[in-house]
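Before any comments, here is the structure.
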Amino acid sequence: MFLTYVREAVRSLYTAKQRTLLALLGISVAIGSVIALVSIGIIWGEESMKRFSELGPDILQIEAPWSRGDEEGITVQDAFLLLDSSQTLADLVPLIIDSGGYFFGGENGWALITGTTVKYKEMNRLRLKSGRFLSILDKNKPYVVIGTRLLNKPEFKGFTGSLIGSTVKLQNKPYTIIGTLEESAGNWEANYSIIPISTAIRFFGKKNISKITARMKPGIDFRVAEKEIQRYFKQRNNIEITVKANVQAIKAAKEQAAMKTVLLGVISSISLLVGGVGIMNVMLTSVMDRRREIGILRAIGARQRDIRRQFLTEAVILSLIGGVLGAGLGILSCYIVCSINEWTFFIPKMGLWLGLGVSSLVGIFFGFYPAHKAAKLDPITALRSE
């Protein structure tokens, strides 16, 4: 009996091709938007988590207030004395971060310039692409390691020959390129340019560092380390220090990603509502056009529930086909967004099942009223209709 309903539903939908295609278009776009937005939200969350997790949960970022100025900041010596006296920190690297123009290959541009020590590479788990990283022998030397943000610029990308040993001007001063880096998801400053911290102090004319990246000893709670660091700088420099734990950033990123995914799902459900109303409209039109057919079926013995099931089957088939087409559309849209943003593409099961499951429910929910209306038609009135 069920196969009879399906066969008749397919025949009816095929007979009204134009109406069926319009309904499919509406529901496909609606379901595609649900799958695309929910999947993009999940992938975005994963990318954020990956960025923070890459450094590890035991990393701390220590920053002095910007308003303090150079005279009341933290020096490199302060940073290393903190490490010597600390009971909670295993290692740290001081950073001086500045920005300015660069000149390379006949082109000008803008770049971040980070002065730091040899351990920066290990602390931030950076991977070399070519050449070498800074060494203890590079003190005061005009050497620079270039990150991917600069390497992707046309003047670097189109450079013929080896970048290692070439000269780039940073803030009008020539630097020799000694190495290039793979992209770092967790350290945006590492994707520009890195020079020895002694060179940065000398060339930038800065006495104080911008921040410190520190790694805690195993098993240390970040709140204990935070209190120790704040107490140290309060006593030594009389300044209030901000300490940000990577574990807090990971937790915040996880909560933010979940919230954004829910928000995108709610927004996309509006389009699903519009698609469902489209199906109901198409089915109501179909009931009006097929009143004589319904009257004949009732006259030869079809029951109300047979008519109801017949129209409900049509609505569900319409939604399921729309769901499959919408899934393809949503996956394609998600893939394009991931390619543009250079995210790792995958299809979240939740997004896919949510789209397909909801498409079935939409077919049943919005198809029930037209099916019920068709079943309640008076056979005599239906047969008299044109």
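The values are calculated or read from the model by the stated rules, or taken from the named source; none is laboratory data. None of the values given here were measured: they were computed from a predicted structure. Glycine also receives a Cβ, built like all others from the backbone with ideal geometry; neighbour counts cover every protein chain displayed. All accessible areas refer to the heavy atoms of the entire protein, side chains included, with ligands and DNA or RNA removed. Shrake-Rupley method; radii C 1.70, N 1.55, O 1.52, S 1.80 Å.
Odds and ends about this structure:
- Relative contact order of the chain: 31 percent, from C-alpha pairs under 8 Å at least 6 residues apart in sequence.
- Rg ratio (alpha-carbon, reference 2.2 N^0.38 Å) - the stretch 199-278: 1.94
- A 1.4 Å probe over all protein chains sorts Thr167, Thr285, Thr160, Thr261 by accessible area into Thr160, Thr167, Thr285, Thr261, starting with the largest.
- Over all other residues within a Cβ to Cβ distance under 11 Å of Thr199, the charged ones net out to +3, with Lys and Arg as +1 and Asp and Glu as -1.
- Solvent exposure of the stretch 275-386 as accessible area per residue, Å², 1.4 Å probe: 55
- Over the chain: helical MRE at 222 nm, DSSP H runs n ≥ 4 each giving -39500 (n - 2.57), nearest 500: -19000 deg cm²/dmol
- Which of Gly295, Ile270, Val316, positive extreme of dipole for the stretch 266-334 (C-beta unit charges): Gly295
- Along its three principal directions, the equivalent ellipsoid of the stretch 294-377 from the Cα gyration tensor extends over semi-axes of 40, 10, 8 Å, largest first.
- DSSP H segments from the chain that extend 15 Å or more along their own axis, Cα-based, with Kyte-Doolittle mean of -1.0 or above: 2-15, 17-53, 246-289, 304-341, 349-375
- Gyration tensor verdict on the stretch 245-286 (Cα atoms; rounded if a/c is under 1.5, prolate if a/b is larger than b/c, oblate otherwise): prolate
- Difference of contour (0.36 nm per residue) and Cα-Cα distance, Lys141 to Leu320: 57.8 nm
- For the set Phe368, Phe311, Phe2, the ranking by accessible area, highest first and with no ligand, DNA or RNA atoms included, is Phe2, Phe368, Phe311 under a 1.4 Å probe.
- The accessible-area ordering, largest first, of the residues Arg292, Arg298 stands as Arg292, Arg298, per a 1.4 angstrom probe.
- Apportionment of accessible area to carbon and sulfur, the chain, percent (1.4 Å): 61
- Intensity falloff of the stretch 186-342 expressed as log10 I(q)/I(0), Debye formula with alpha-carbon point scatterers, at q = 0.11, 0.15, 0.17, 0.18 Å⁻¹: -0.78, -1.06, -1.17, -1.22
- Distance between the stretch 115-157 and the stretch 294-363 - C-alpha centres, whole angstrom: 52
- Check: the chain dipole with +1 on Lys, Arg Cβ and -1 on Asp, Glu Cβ, in debye: 1000
- Rounded to the nearest 10 square angstrom, Tyr14 shows an accessible area of 150 square angstrom against a 1.4 Å probe.
- Whole-angstrom Cα spans of the stretch 76-134 along principal axes, big to small: 50, 24, 13
- Normalised contact order of the stretch 121-269, rounded percent, pairs of Cα under 8 Å and 6 or more residues apart: 23
- Against the set (1) 20.2, 58; (2) 21.0, 67; (3) 32.3, 100, the structure's computed Rg and Dmax of the Cα atoms in Å falls on (3).
- Per residue accessible area of the stretch 153-252, 1.4 Å probe, in Å²: 49
- Volume of the Cα convex hull of the stretch 85-195, divided per residue and given in Å³: 104
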